[in-house]
Amino acid sequence: MDFDIASDIYYQPFRYSVRGYYYMRLGEPKDPEHVWPVPRQPQFIPETDPKGLTVYKTDFTPWDQEWRDLHTDVWDEPHFKSALASRFWQHRLPGNPVNTEVKGGHSDAFDWDRHLAHVSNIYDMLLPYILSGGRLSDDNLGIRESGNGIPDIIDEARNEVDFFLSIRDGEAYSQGVTNPSYDWTVMFQAGCTTMAAWANAANCAILGEAFRLQGNDSLRQYYTDEAIKAFFFASRQENQQLDDRQDIGSMQLKGRDFRQMAAAYLYNLTGDEQWEKIFAEEAYELSIANTWTAAAYLTCPQPRHFADRYQQIKASVDKQAESYNIVNMTQRPSRRSANDRRWQVSQNLQLVMLAHYIAKDKARKKELEHVMYTEAGWAMGRNPGNIVEMTGLGERHITDCYTTGRNDGAPECHPGQTPFNGTETWSPGHNGGDARVILKYCYPDWNDGGWPRQESFFNQRYFWVNGEFTPRETMRGKMALLGYLYAIR
């Protein structure tokens, strides 16, 4: 495929990016007549697939000292032990209640866990839809819901929102669901927290806004009501968790950030000034971690009663886009502007997207489009590896990485996924987690700086440290960028 920026070339990258998210879902049936290749299996639906799977409710949360003392990815802990030996087993709720309704959500890398860190996927899938006023209306991208009258990008975000609603316990909201035990018979639902309630309020509010733009009144109202329900539940809790921090993939949000984001979108949805006041009462300092809240007020269809806040956000958008992203173009031979921990592959240009949205001057818009096209072009093949940094797309795409697929009757990996290209050591002495095993074969010597750092992908399927990925770190920024470029074409 010739990725000529001068032509309309963003449909297929956008489509494959959406499909990449689809193939990270759990709970999808084998339906090769409508979706091919087959989604990852088993579905991990309680009591159904695998047969007899049980999801136990617990009171174990990331804010427990016992959780912190484990010094590992605790969501993975049940997978390396029998269910009886897991810490979660000791934290089952009295009477050992189970959740038979949990379903869906996007899994993480080659794992099966789904937890609150994943909510940023929702926000970046919907950001280009919101900024474009609903232009991403494609309902034929090759996911199971294609053709249902709802844009596929909304369906994909909705799957994640509905997953978090499915793991409520009464009125309370859970942090997530673990990987299965090694025999795939048991999963655990983490305890409920105020943080999860604030996040659910934000999830439902931004999804409600997408349905408002689509003109779907029934679903707009449903998710608006769910957002308000979660918001008021959180407001009633003794521990508000407003200053606790929740990881969302290469960044963190405080409880108050989720609260402010929910209020901003609820004002868009209802026009009720109480929500605008809640949004405005919080101090606001724009960063890459709260661009979604800025987008709510910048696109607000209601009268804005806080003109100073509106002007502050616009000024901050331009300033932060320049200092966080744009300045890098003049400093790097690659002319890339992405700038975060996974900058080799992640493409978080949300600030630039916002700056383009508010730009009035044609020259400024053109400048910002150049920034976005240049960054997108890197992933489409303008890199030292001369490779499309996404599985399944074009003639020079990644064919081997540590991800799903191959066991479904089709060759290669599932489409639309971007590996870490990591060169660090996660697990010394364990080949799959130790990139030094690969790097020692590099010539010129990797450690002497002779090997281009950007040529850090090794086309192999066994080293997770290099070829694994998580949607919230390596896919969501690209999803937002490709969606926005496709929308403004």
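The values are calculated or read from the model by the stated rules, or taken from the named source; none is laboratory data. As the structure is a prediction and not an experimental result, all values here were calculated from the model. Cβ: placed from backbone, ideal geometry, glycine included. Neighbour counts: every protein chain shown. Only protein heavy atoms, including side chains, enter the accessible area calculation; ligands, DNA and RNA are left aside. Shrake-Rupley method; radii C 1.70, N 1.55, O 1.52, S 1.80 Å.
A few notes on this one:
- Residue within the range 449-459 that is in a helix (DSSP H, G or I) and either in contact (Cβ under 8 Å) with a residue 12 or more places away in the chain or open to solvent by 30 Å² or more (accessible area, probe 1.4 Å) (or both) present: no
- Ala283, sole failed condition from (1) more than 23 Å from Arg476 (Cα to Cα); (2) at pLDDT 95 or above; (3) not basic (Lys, Arg): (2)
- Tally, over the range 32-64, of residues that are open to solvent by 50 Å² or more (accessible area, probe 1.4 Å) and over 27 Å from the mean Cα position of the chain (by Cα): 4
Residue-wise test of (1) among the small types (Gly, Ala, Ser); (2) touching a residue at least 60 places away in the same chain (Cβ under 8 Å).
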{"residue": "Met187", "(1), (2)": "no, yes"}
{"residue": "Gly191", "(1), (2)": "yes, yes"}
{"residue": "Ala199", "(1), (2)": "yes, yes"}
{"residue": "Ile206", "(1), (2)": "no, yes"}
{"residue": "Ile248", "(1), (2)": "no, yes"}
{"residue": "Gln260", "(1), (2)": "no, no"}
{"residue": "Ile278", "(1), (2)": "no, no"}
{"residue": "Thr291", "(1), (2)": "no, yes"}
{"residue": "Cys300", "(1), (2)": "no, no"}
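- The residues of the range 147-164 that are free of Cβ contacts under 8 Å to residues at least 60 places away in the same chain and over 19 Å from the mean Cα position of the chain (by Cα), listed by number, are Gly147, Asn148, Gly149.
- Residues of the range 244-259 satisfying the condition of being in contact with a strand residue (DSSP E or B) (Cβ under 8 Å, 6 or more places away or on another chain) and either open to solvent by less than 40 Å² (accessible area, probe 1.4 Å) or more than 23 Å from Glu473 (Cα to Cα) (or both): Gln246, Leu253, Gly255, Phe258
- Qualifying position, being open to solvent by less than 40 Å² (accessible area, probe 1.4 Å), part of a loop (DSSP other than H, G, I, E, B) and farther than 26 Å from Pro128 by Cα, among Gly385, Gly429, Gly394, Gly416: Gly385
- Residues located in the range 199-224, provided they are more than 23 Å from Ser132 (Cα to Cα) and either polar (S, T, N, Q) or not in a helix (DSSP H, G or I) (or both): Asn200
- Test result for Arg436, in contact (Cβ under 8 Å) with a residue 12 or more places away in the chain and among the basic types (Lys, Arg): no
- In the range 365-382, of all residues being among the basic types (Lys, Arg) and not in a loop (DSSP other than H, G, I, E, B), the one that is surrounded by the fewest Cβ atoms within 10 Å (Cβ to Cβ) corresponds to Lys366.
- Across the range 65-75, the number of residues qualifying as outside any loop (DSSP other than H, G, I, E, B) and open to solvent by 40 Å² or more (accessible area, probe 1.4 Å) comes to 4.
- Lone qualifier among Gly52, Gly27, Gly20 - being touching a residue at least 40 places away in the same chain (Cβ under 8 Å), small (Gly, Ala, Ser) and not in a loop (DSSP other than H, G, I, E, B): Gly20
- The set of residues in the range 108-140 being surrounded by 21 or more Cβ atoms within 10 Å (Cβ to Cβ) and assigned to a loop (DSSP other than H, G, I, E, B) consists of Asp108, Ala109, Trp112, Asp113, Leu136.
- Filter result for the condition that a residue is of a type in the set (A, V, I, L, M) and either part of a loop (DSSP other than H, G, I, E, B) or farther than 22 Å from Met475 by Cβ (or both), over Ala157, Ala227: Ala227
- Qualifying residue in the range 80-100 (condition: open to solvent by less than 40 Å² (accessible area, probe 1.4 Å), assigned to a strand (DSSP E or B), closer than 26 Å to Glu145 by Cα and at pLDDT 95 or above): no
Condition check ((1) at pLDDT 85 or above; (2) under 24 Å from the mean Cα position of the chain (by Cα); (3) among the aliphatic types (A, V, I, L, M)) across all residues:
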| position | (1), (2), (3) |
| --- | --- |
| Asn325 | yes, yes, no |
| Ser334 | yes, no, no |
| Asn348 | yes, yes, no |
| Lys366 | yes, no, no |
| Val371 | yes, yes, yes |
| Arg382 | yes, no, no |
| Met390 | yes, yes, yes |
| Gly416 | yes, yes, no |
| Phe420 | yes, yes, no |
